[in-house]
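Please read the structure below before turning to the comments.
The values are calculated or read from the model by the stated rules, or taken from the named source; none is laboratory data. Here the structure is a predicted model, which is why all the values come from computation and not from measurement. Cβ atoms come from the backbone with ideal geometry, glycine included; neighbour counts cover every protein chain shown.
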Amino acid sequence: MSTLDHARLVHALMPALLEAGACVLRCRAEGVESEEKGDGSPVSRADREAEAIVLTALARVEPSIPVIAEEAVAAGRIPHFDRTAFLVDALDGTKEYLRGGDDFTVNIALVEDGDPIFGMLLAPASSRVFVTLGPQEAAGGEVRPDQLTAGFRPVLSRIATANPDPRSLRVLSSRSHRSPETERFLARFAISKDVRIGSSLKFGLMAAGEADIYPRFGPTSAWDIAAGHAILAAAGGTVTATDGKVMKYLDKERVGLPGPFLNPSFIAWGRPSLVPSAV
């Protein structure tokens, strides 16, 4: 996959990304309800229907690559995977979605040897879309909810992370998962702006140069952040675990399920130059 054609994948998968976004908006307008999964997290009809749309598209576009999708894994459908796999979270930010907020996303990532090498991220209610167009090229655009229709192609423009001023850093943090550990971490920096936002939308905003740091202390899954990580890295940023090492995904050495799909606490950085020698 070293010769991955990002532009081809973006073109082939964009209709399904937009259709999944339309699906989650439609389900909410119809009065979607939720139930609780085994891990205590909520799941709705929108999660499952949007995931089915993306899985159908991936089976058509790249049938040889296994797909690891959040709701499929929750139902016990876990494909054999080795070096390469797609990761799908068709509705990240379900809690925000159910509350009526706008910070939820549709996420498609491709991981190879632990590294996220391709990503697409749509925030359908926030009218934003972000993609990788190459290993060092990310793009973003606007997609209004009324444009989530068959045949629409958003205009994508190249984006890049900001050149940060260490004396005035802009922070994004989780709306639902702000912790004392997060506060202790941020106390080490000169923060000029601190905005709380739900879902993986935070990665897209950082990739577009709208923030500099996003810390997350607590559990997440690979499908939650791999697409955003890929886009942020292509735009000039990085994501590290708290030991300063770049985040890896689908580590089979993590014995037990869903062990291979769980992430450690992490920090997303607008530029690698921000990463201290000891996080």
Practice prompt. Considering each of Phe152, Phe118, Phe130, Phe185 in turn, give the residue that is outside the structural domain of Asp82 (by TED's automatic domain parsing) and among the aromatic types (Phe, Trp, Tyr).
Written response: Phe185
Item to complete: Output the qualifying pairs, or none if there are none: Cβ atoms under 6 angstrom, residues six or more apart or on different chains, first residue in the stretch 188-199 and touching a residue at least 12 places away in the same chain (Cβ under 8 Å), second residue hydrophobic (A, V, I, L, M, F, W, C).
Response: Phe189/Leu169; Ile191/Leu169; Ile191/Val171; Asp194/Val171; Val195/Leu172; Ile197/Leu172; Ser199/Phe104
Fill in: Among the residues listed as Phe203, Phe185, the single one being crowded, with 24+ Cβ neighbours inside 10 Å, touching a strand residue (DSSP E or B) at 6+ places or on another chain (Cβ under 8 Å) and among the aromatic types (Phe, Trp, Tyr)
Phe203
Fill in: Test: residue in the stretch 4-13 that is in contact with a strand residue (DSSP E or B) (Cβ under 7 Å, 6 or more places away or on another chain), surrounded by fewer than 18 Cβ atoms within 10 Å (Cβ to Cβ) and within 25 Å of Thr220 (Cβ to Cβ)
yes
Worksheet item: What's the number of the condition Arg45 fails, among (1) of a type outside the set (Phe, Trp, Tyr); (2) in contact (Cβ under 8 Å) with a residue 60 or more places away in the chain; (3) in contact with a Ser or Thr (Cβ under 9 Å, 6 or more places away or on another chain)?
Response: (2)
Discussion item. Please verify whether Val61 is touching a helix residue (DSSP H, G or I) at 6+ places or on another chain (Cβ under 7 Å), surrounded by fewer than 19 Cβ atoms within 10 Å (Cβ to Cβ) and in contact (Cβ under 8 Å) with a residue 40 or more places away in the chain, treating the condition exactly as stated.
Written reply: yes
Worksheet entry | When residues of the stretch 117-160 are limited to those that are under 16 Å from the mean Cα position of the chain (by Cα) and part of a loop (DSSP other than H, G, I, E, B), the one nearest to Thr84 (Cα to Cα) | Pro124
Worksheet item: Would it be correct to say that Asp224 is of a type in the set (Asp, Glu) and closer than 27 Å to Phe86 by Cβ?
Response: yes
Discussion item. Please verify whether Gly140 is crowded, with 20+ Cβ neighbours inside 10 Å and of a type outside the set (S, T, N, Q), treating the condition exactly as stated.
Written reply: yes
Worksheet entry | Selection count where residues are of a type in the set (Gly, Ala, Ser), farther than 23 Å from Glu71 by Cα and modelled with pLDDT of 95 or more, scope the stretch 220-279 | 7
Fill in: Residue that is surrounded by the most Cβ atoms within 10 Å (Cβ to Cβ) [pool: residues in the stretch 28-46 that are more than 19 Å from Asp102 (Cβ to Cβ) and of a type outside the set (Gly, Ala, Ser)]
Val43
